[in-house]
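Some notes on the structure that comes next.
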Amino acid sequence: MNSTLPTDTAVKPLIPGNSSPKRTLLIVDDEEGPRQSLRVVFKGEYDLLIANDGARAIELAKQNKIDVVITDIRMVGMSGVELLGELKAVDPAIEVIMLTAYETVDTLRLALRLGACDYLNKPFDITTMRKAVANAMERRSLGEEIRNNGQQLQELQKELQNQKMVEEITRTRGEIYASIIHDINGPLTVISGFIQLMNQRIGGGNRVEGEDLDFVKDRLKTITRQVTNCIEISRRYLGFLRQNSDESPAVGINHILSDLHELLRVHPAVKHNELVIEPFLEDVAVRINGTDLIQILLNLAVNGFQCAPEKHSVRIHGCQLPQSLDLTQFTDSLEERLVNREGFRNVGPLLSMTVTDTGPGIPGEILPKIFDPYFTTKAADQGTGLGLNVVQRLVKEAKAAMHVRTKIGQGTTFTVYVPIN
């Protein structure tokens with residue numbers, strides 16, 4: 001029953017008065033009679049493609065956009081079920097109607113499982129056939145609409161993600177600018193305080209000499225250092241905005257502690273409280289931006305002084321650790337937290353710097369929030385909520401780590417671990 005007639009492909013004309021092309025229907029059967037019957041039924045309604053075996057049908061499917069296929073299940077060579085699988089491999093959206101005369105229920109179930117949208121018995125009823133093809137064409141149109149909507153949704157989601165990225169960059173830069181103001185405020189406080197002391201010492205005199213001259217010279221040196229700190233802070237944040245990653249030179253920790261003492265001893269938060277800074281017996285050089293380390297220790301110390309209105313103390317000291325840390329000993333709990341576990345360059349030797357206060361301690365429900373930007377439990381005129389957030393960012397930039405241990409009624413200890421080399 002296999003026909004030797006050549007397979008023909010119809011030209012796809014436009015429907016008169018409609019700018020959209022007609023849908024394409026592929027008819028596959030190895031018997032001439034059914035092929036020609038279906039051609040007569042759908043001629044003029046769809047663009048028709050005819051194939052007398054599965055191989056030719058696959059070839060036409062690769063060369064044309066086919067919407068619906070009508071295929072016999074039982075054919076010489078490739079069966080209709082095998083053809084169904086191959087067509088779905090070419091275009092999963094093709095709708096396939098199976099024609100059957102003697103097939104078993106298992107075969108029909110297999111065809112439906114492979115994606116056939118319908119099956120009809122031979123000989124077929126023309127009305128039923130038209131309805132089946134119309135439904136298949138509608139399914140094809142609906143599928144295309146769903147895919148188009150899906151693509152539009154993906155484009156919209158991508159646009160929203162880009163918008164969120166822009167907003168995140170804007171927010172991050174806003175935090176950086178706020179951090180610049182916050183960090184420069186410390187050196188400016190020292191500069192302002194020293195200028196006031198100089199004015200009080202000199203008064204309205206016309207000449208400065210003797211002890212007054214030495215006093216002014218000493219204070220001018222400190223002011224010069226603080227102005228340099230302001231400049232370095234500005235350069236650091238501008239470098240961050242430009243993604244500048246120049247390697248920092250090594251700095252001596254005792255020099256850092258000396259500058260830190262100058263900053264803290266005139267800070268308003270220190271008055272009426274006790275400050276203890278213990279220098280190293282033998283100086284240690286660490287490869288970190290010196291201004292960054294000062295800012296870390298300064299913010300931690302000021303945070304310690306501001307933790308309670310009652311008189312208390314803040315102690316700053318450190319040591320050199322010859323080996324890397326055993327991070328399994330650090331666990332996050334209501335009293336402890338480790339910052340930058342994943343980004344920490346845990347290679348010995350390490351510099352360990354500790355800032356301890358004898359304040360009231362941090363409640364367990366607040367501890368996870370203390371590094372969030374703008375989070376503060378202080379009065380509006382006592383803090384911005386940026387100090388510890390700045391510390392967290394600088395610790396991460398230095399590939400360092402920071403451990404917090406607190407206990408209600410006994411105070412809080414921040415320990416920063418910095419790779420020395």
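The values are calculated or read from the model by the stated rules, or taken from the named source; none is laboratory data. Just so it is clear, the model here is predicted, and its values are computed rather than measured. As a convention, Cβ positions derive from the backbone with ideal geometry for all residues, glycine included, and neighbour counts pool all protein chains shown.
Which pairs do you get when a residue that is more than 30 Å from HIS272 (Cα to Cα), found in segment 341-360, comes within reach of a residue that is among the basic types (Lys, Arg), reach meaning Cβ atoms under 8 angstrom, with the pair 6+ apart or on two chains? Going by the 8 Å Cβ cut-off, the qualifying pairs are GLY343/LYS396; GLY343/LYS399; PHE344/LYS399; ARG345/LYS399. Restricting attention to segment 393-416, which residues are touching a Phe, Trp or Tyr at 6+ places or on another chain (Cβ under 8 Å) and surrounded by fewer than 22 Cβ atoms within 10 Å (Cβ to Cβ)? If the condition is that a residue be touching a Phe, Trp or Tyr at 6+ places or on another chain (Cβ under 8 Å) and surrounded by fewer than 22 Cβ atoms within 10 Å (Cβ to Cβ), then GLU397, LYS399, HIS403, VAL404 are the ones that fit. When only residues in segment 278-311 that are free of Cβ contacts under 8 Å to residues at least 60 places away in the same chain and not hydrophobic (A, V, I, L, M, F, W, C) count, which is surrounded by the fewest Cβ atoms within 10 Å (Cβ to Cβ)? By that ranking, first place goes to GLU282. Within the bounds of segment 139-153, is there any residue that is in contact with a helix residue (DSSP H, G or I) (Cβ under 7 Å, 6 or more places away or on another chain), surrounded by 12 or more Cβ atoms within 10 Å (Cβ to Cβ) and either among the small types (Gly, Ala, Ser) or at pLDDT 80 or above (or both)? No, segment 139-153 has no match at all.
Residues in segment 43-56 that are touching a helix residue (DSSP H, G or I) at 6+ places or on another chain (Cβ under 9 Å) and under 23 Å from LYS131 (Cα atoms): 6 in all. Checking the conditions here, which among VAL270, VAL266 is on the phi < 0 side of the Ramachandran plot, surrounded by fewer than 20 Cβ atoms within 10 Å (Cβ to Cβ), in contact with a helix residue (DSSP H, G or I) (Cβ under 6 Å, 6 or more places away or on another chain) and in contact (Cβ under 8 Å) with a residue 60 or more places away in the chain? One residue alone meets the criteria, VAL266.
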